[in-house]
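**Q** Below is a structure I'd like to ask you about.
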Amino acid sequence: MDKNINVFLPMRAGSERVPHKNTKTFSGIDGGLCKIKLDQLIKCELIDNIYVSTNDPDVIIISNSFGSKKIRVIIRPDELASSLASTDDLIKYAPEIMPDGHILWTHVTSPFINSDTYSKIIN
């Protein structure tokens, strides 16, 4: 049964505390946390679409490199790409870019939540 599960994965450029935190090599993996998280999400058969909200050219390249029909890169508006943007602003924005269905919100900074864990959460 199709549950229409859509993932919202925000990754903005310009991390102030850890430069390039989303894309820098992590644990020997080129593409870092971005690549790890996208790989986990693609492997979860219960996820229909992954909406990558970003203003980071490196995130766009990594996302497109998968060649997955699940991944949709959405260029984040400037007002939501600033460190001044609040989580509330992103919460209001997510339904504007995603179709009807369930929204699973996740972050690349949780690399230990893998495809099996996402399947359990969805079920």
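Rundown of residues vs (1) open to solvent by less than 50 Å² (accessible area, probe 1.4 Å); (2) within 12 Å of the chain's Cα centre (by Cα); (3) charged (D, E, K, R), yes/no style:
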residue: S15; (1), (2), (3): yes, no, no
residue: P19; (1), (2), (3): no, no, no
residue: D39; (1), (2), (3): no, yes, yes
residue: N49; (1), (2), (3): yes, yes, no
residue: I60; (1), (2), (3): yes, yes, no
residue: R72; (1), (2), (3): no, yes, yes
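**Q** List the residue pairs whose Cβ atoms are under 6 Å apart, where the first residue sits in region 21-50 and is under 13 Å from Y118 (Cβ atoms), the second is among the hydroxyl-bearing types (S, T, Y) and open to solvent by less than 10 Å² (accessible area, probe 1.4 Å), and the two are 6 or more positions apart or on different chains.
**A** From residues that are under 13 Å from Y118 (Cβ atoms), the pairs are C44/Y118.
**Q** I've got another one for you. Look at region 37-53 and say how many of its residues are assigned to a strand (DSSP E or B) and among the polar types (S, T, N, Q).
**A** 2
**Q** Still on this structure: Within region 54-62, can one find any residue that is closer than 23 Å to Y93 by Cα, free of Cβ contacts under 8 Å to residues at least 12 places away in the same chain and either assigned to a loop (DSSP other than H, G, I, E, B) or not aliphatic (A, V, I, L, M) (or both)?
**A** No, that holds for no residue.
**Q** Restricting to region 83-112, name every residue that is open to solvent by 60 Å² or more (accessible area, probe 1.4 Å), over 14 Å from N6 (Cβ atoms) and under 13 Å from the mean Cα position of the chain (by Cα).
**A** Residues satisfying the conditions are H107, T109.
**Q** Another question, then. Could you say which residue among N4, N55 is farther than 18 Å from T117 by Cβ and at pLDDT 95 or above?
**A** Matching residue, one of N4, N55: N55.
The values are calculated or read from the model by the stated rules, or taken from the named source; none is laboratory data. Fair warning: this is a prediction, and the values are worked out from it, not measured in the lab. FYI the Cβ positions are ideal-geometry reconstructions off the backbone, even for glycines, and counts take in every protein chain you see. Quick note on the areas: whole protein, heavy atoms, side chains included, nothing else; ligands and nucleic acids left out. Shrake-Rupley method; radii C 1.70, N 1.55, O 1.52, S 1.80 Å.
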